[in-house]
1. I'd like to check which strands (runs of 3 or more DSSP E) are fully inside the range 5-82 and have at least 1 residues that are farther than 30 Å from residue 228 by Cβ.
2. Could you check, for the range 193-203, whether at least one of its residues is polar (S, T, N, Q) and under 24 Å from residue 15 (Cα atoms)?
3. Which count do you get for residues in the range 188-209 that are within 16 Å of the ligand (Cβ to nearest atom) and out of contact with any helix residue (DSSP H, G or I) (no Cβ under 7 Å at 6 or more places or on another chain)?
4. Scan (1) assigned to a helix (DSSP H, G or I); (2) under 27 Å from residue 74 (Cβ atoms); (3) acidic (Asp, Glu) for the single condition residue 205 breaks and write down its number.
5. So in the range 86-104, with the set limited to residues that are small (Gly, Ala, Ser) and crowded, with 19+ Cβ neighbours inside 10 Å, which one is nearest to residue 53 (Cα to Cα)?
6. Cβ contacts < 9 Å: first residue at positive phi, restricted to the range 33-46; second residue among the small types (Gly, Ala, Ser), any location; separation 6+ or different chain. Result?
7. How many of the residues making up the range 158-176 are in a loop (DSSP other than H, G, I, E, B) and either within 16 Å of the ligand (Cβ to nearest atom) or not hydrophobic (A, V, I, L, M, F, W, C) (or both)?
8. Could you tell me which residue of the range 229-247 is nearest to the ligand (Cβ to nearest atom), considering only residues that are surrounded by 22 or more Cβ atoms within 10 Å (Cβ to Cβ) and in a helix (DSSP H, G or I)?
Amino acid sequence: MTNRIRKPYIAGNWKMNLDRAHSLDLIKTIKGRLGDGGDREVAVFVPAIYLADVTAVAQGSPLGVGGQNLWFEGVGAFTGEVSPRMLREVGADRVLIGHSERRHIFRELDEWMGRKVRAALDCDLLPIYCIGETLDERKGNKTERTLKKQLESGFEKVRPEDSHRLTVAYEPVWAIGTGETATAEQVAQAHRTIRKWLVQRVGEEAANQVRILYGGSVKPDNAKELMAIDCVDGLLVGGASLQAETFLPIIEYNLR
Ligand code: PEP
């Protein structure tokens, strides 16, 4: 057992999966099982088009519901984008920023990340800021450099007093959706790098409030092991968050 100073955080990223009916079924099942939430925080990140419906069902439970992306401007000519206020209006209380699919498929720039994180915080949305190296970067011994560069950009406009509202997700790109999970040593090393960087950036007290999640092919049979790694405060789950049979055992990683 790790001696936790931060509340465990289990988050599901539905990406562009599930139709409306399946989304509502799944959220009802999770809500029913979660009760008062107990000692862990649970959230799902939902396609923007279903946020209003899903938050309506989740209401009255401790379940968090978030968007998968935002644009940092308040209003304007940004076709296809969603503003922080729009997310709030449909009930979202949090948001993913910098997910690797946004960075790599949609070519989101490092330079945008600080403004996105700031815009989320200014609109009372809890950001999960996602970072992680590609396979080439890992093979080229550039993992640490990549993580620090992504942290520099995402935390550009962060103040120490924002820390308790911030979460970082370490998601090695080569482990996302591939079935290949990072080893315990790789996860521990990356999380130590992130924690150390945070201490230098915002000071020890504030850094200790930031949760660091692991994401990348998390499944019911590796969740407990991953949560036992020092410095892992939670999990960001893609594929396995799409069905109650696989997501609930991850939420209840230590109860089985
Ligand atoms: C993710 O999308 O953030 C993710 C970690 O996906 P998967 O669990 O499917 O690897």
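None of the figures in this text is laboratory data; all of them are computed from the coordinates on show. What you see is a predicted model, and the numbers here were worked out from it, not measured in a lab. Counting neighbours? That spans all protein chains shown, and the Cβs are built from the backbone with ideal geometry, glycine included.
1. Values: elements: 9-13, 41-45, 64-67.
The strands (runs of 3 or more DSSP E) meeting that bar are 64-67.
2. No - not one qualifying residue is present in the range 193-203.
3. Final tally of qualifying residues: 1.
4. For residue 205, the exception is condition (2).
5. Filtering the range 86-104 down to residues small (Gly, Ala, Ser) leaves 91-92, 98, 100.
In the following step, the residues that additionally are crowded, with 19+ Cβ neighbours inside 10 Å were identified as 92, 98, 100.
Values: 92: 11, 98: 25, 100: 26 Å.
Here the answer is 92.
6. Between residues of the range 33-46 that are at positive phi and residues that are among the small types (Gly, Ala, Ser), the close pairs are 35/61; 37/61.
7. Within the range 158-176, the subset in a loop (DSSP other than H, G, I, E, B) is 158-159, 166, 171-172, 176.
Filter again for either within 16 Å of the ligand (Cβ to nearest atom) or not hydrophobic (A, V, I, L, M, F, W, C) (or both), leaving 159, 171-172, 176.
Residues flagged as in a loop (DSSP other than H, G, I, E, B) and either within 16 Å of the ligand (Cβ to nearest atom) or not hydrophobic (A, V, I, L, M, F, W, C) (or both) within the range 158-176 amount to 4.
8. Checking each candidate, the answer is 241.
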